[in-house]
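Let me begin by presenting the structure, written as structure tokens, before commenting on it.
What follows is calculated from the coordinates using simple rules that are stated; it is not laboratory data. Note that the structure is predicted; figures quoted are calculated from it, not measured. Neighbour counts run over all protein chains shown; Cβ positions are idealised from the backbone, glycine included.
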Amino acid sequence: MNADDRALYGDITRKGLWENNTALVQLLGLCPLLAVSTSFVNAVSLSLATVLVMALSSGAVAALRTLIPHEIRIPVFILIIAALVTCLDLAFNAWLHELYLVLGIFIPLIVTNCIVLARVEAFAAKNSPLAAAWDGAAMGVGLLWVLALLGSVRELVGAGTLFGGIDMVIPGAHALQVFGEHYRGLLIALLPPGAFIFLGLLVAARNAWVARAQARAMHPPAAAVSA
Amino acid sequence: MSDATDRPDADTAEPADAIEAPSAAGSALRAAALLGVFTVVFTALMALTQDATREPIRASVEARRLELIAQVLPRADYDNALLEDTVTLPVLPALGLSEPVTVHRARLGGAPVALVFEAQAPDGYSGAIRLLMALRADGTLAGVRVVAHRETPGLGDYIDPAKDRANPKWIAQFTGRDSSDGMRWTVRKDGGDFTYVTGATISARAVTRAAGRATAALAPARDALFALPAGSSAEAAFR
């Protein structure tokens, strides 16, 4: 890998995880965000499925991009994404059945997650398969860490546990009772408004961080100026 | 290509141009054909995946079903193929379901052990509550489980043992109840025999009453149900 490539992949990673973060900056794909982020395990499971779909569909579209006529590219993209999601849905049903029952309709709904089609159209259709797959994965992981954080916070505040339902993925593993047996839980965190409230706080925190970084870049600290 | 246009002979250049700029109809046909090819290829991919996952999915669904039944009837209590030894009930108002209910018949060494069936409480706090019940051949309840509900999280969902923080679980009080001793199938608040959580009575009331109705309907017919051949309809037992 030469320096140009390294710069390209670094750039893709930085944009996916932070600068163009799906959940915090573009605010796309909020449907699963809202419904499934009630616990860490649910949030991470659906995000991982989304990462997989994004990487595979971006890679597939990029590999086939010279064959796809421009006028019918959107139907073909949707066809590719829908086929991959269907395969994933069947695989979940077969090998992660408990989790499949929990995530239910949200696995097939990955097809309608606009971020998947957005990355395919904006990036994969113009780049090499490897870069496109990397871009899909980076965007997906950007969604994953935000969802994981949101799921953990909502589960912690709402139920007082962490990793609840982990036995659906790793048999025999147990949830952590963070606040002890007697914690009654703050119900609103688990209800849909809780998702909006905590997402709002996360977006605010990111904006504050970026604003501070910009202010620092424009006005270097006073000590540096006087020196 | 550029060589061709440099030649003085114009005839050879024309067909080349024709190929480079196809007509609108030609490009539409080409697009349609390609879309068809993509459809076939990706449908084949889905078909292959479905074929490869069919057996694991069937096994998962079956295992899940047996796991669920194990919550109302211990696996050690029976030794027959529970999922195959079934009879179909007619639509009974007492069961609260609009579709015919399948009854699984558990046996140990051929002797009747219990009937496992689903019922539904139509009057939960937010919609119907689906129950899985096991009624022993001696007329006592082996267990009741809530399999689907939409009760308020943290409030009415204690009817689901996975969400119930109490110990012993609220739902456990159904186990061992006798259908014949004239018990009152409702919550204590209404003069019944079952406890409930203050502030979330509706969920508990719905489940206890539904369990009572279902038990009352099936208990008198249990001997007839065990006698029927597997796979048959139990219409006659309820006339």
**OP:** Using Cα pairs closer than 8 Å and at least 6 residues apart in sequence, work out the relative contact order for chain A, in percent.
**Re:** 30 percent
Original post:
Can you name the helices of chain A, as whole DSSP H runs, whose Cα span along the helix axis is 15 Å or more and whose Kyte-Doolittle mean is not below -0.5?
Top reply: A:40-64, A:73-95, A:129-159, A:192-218
Subject >> Estimated inter-spin distance, A:Arg14 and A:Val178, nm [label 7 Å along Cα→Cβ] >> reply: 3.2 nm
**OP:** Quote to one decimal, in nm, the extra length available between B:Asn167 and B:Ala52 on full extension: 0.36 nm per residue of separation minus the C-alpha distance between them.
**Re:** 37.1 nm
**OP:** Would you mind checking the radius of gyration and Dmax of chain A based on alpha-carbon positions, in Å?
**Re:** 19.9, 67
Original post:
Is there a simple number for the mean count of other chain Cβ atoms within 10 Å of the Cβ of residues in A:86-93, and what is it?
Top reply: 5
Original post:
Between B:Leu108 and residues 5 or more places away or on another chain, which pairs have amide H atoms under 5 Å apart, with H built 1.01 Å from N, and which residues are they?
Top reply: B:Asp79, B:Val113
Original post:
Is the protein assembly as shown best put as rounded, prolate or oblate by its Cα gyration tensor, with a ≥ b ≥ c the root eigenvalues, rounded for a/c under 1.5, and otherwise prolate when a/b is larger than b/c, oblate when not?
Top reply: oblate
Original post:
Once all Cα-Cα distances of the stretch A:110-227 are split into 5 Å bins that start at 0, what whole-number percent is in each one?
Top reply: 2, 9, 11, 12, 14, 14, 13, 10, 8, 5, 2, 1, 0
Original post:
Over the stretch B:29-104, what is the mean sequence separation of C-alpha contacts under 8 Å (at least six apart), divided by residue count, expressed as relative contact order in percent?
Top reply: 18 percent
**OP:** Any chance you could run the full-extension gain for B:Leu108 through B:Ser233? It's 0.36 nm times the residue separation minus the Cα-Cα distance, nm to one decimal.
**Re:** 42.8 nm
Original post:
How much FRET efficiency would the formula 1/(1 + (r/R0)^6) give for B:Asp85 and B:Val61, where r is the Cβ-Cβ distance and R0 is 22 Å, rounded to 0.05?
Top reply: 0.80
Original post:
Rounded, prolate or oblate: which fits the stretch A:5-96 when a ≥ b ≥ c are the square roots of the eigenvalues of the alpha-carbon gyration tensor, with rounded for a/c under 1.5 and prolate only if a/b beats b/c?
Top reply: oblate
**OP:** Per residue, how big is the convex hull around the C-alpha atoms of chain B? Give it to me in cubic angstrom, could you?
**Re:** 240 Å³
Original post:
What nm value, rounded to one decimal, do you get for the distance between B:Arg184 and A:Ile105 when each label is placed 7 Å out toward the C-beta?
Top reply: 4.1 nm
Original post:
So how long is each side of the stretch B:39-79 along the principal axes, counting just the alpha-carbon atoms, biggest first, in Å?
Top reply: 51, 15, 6
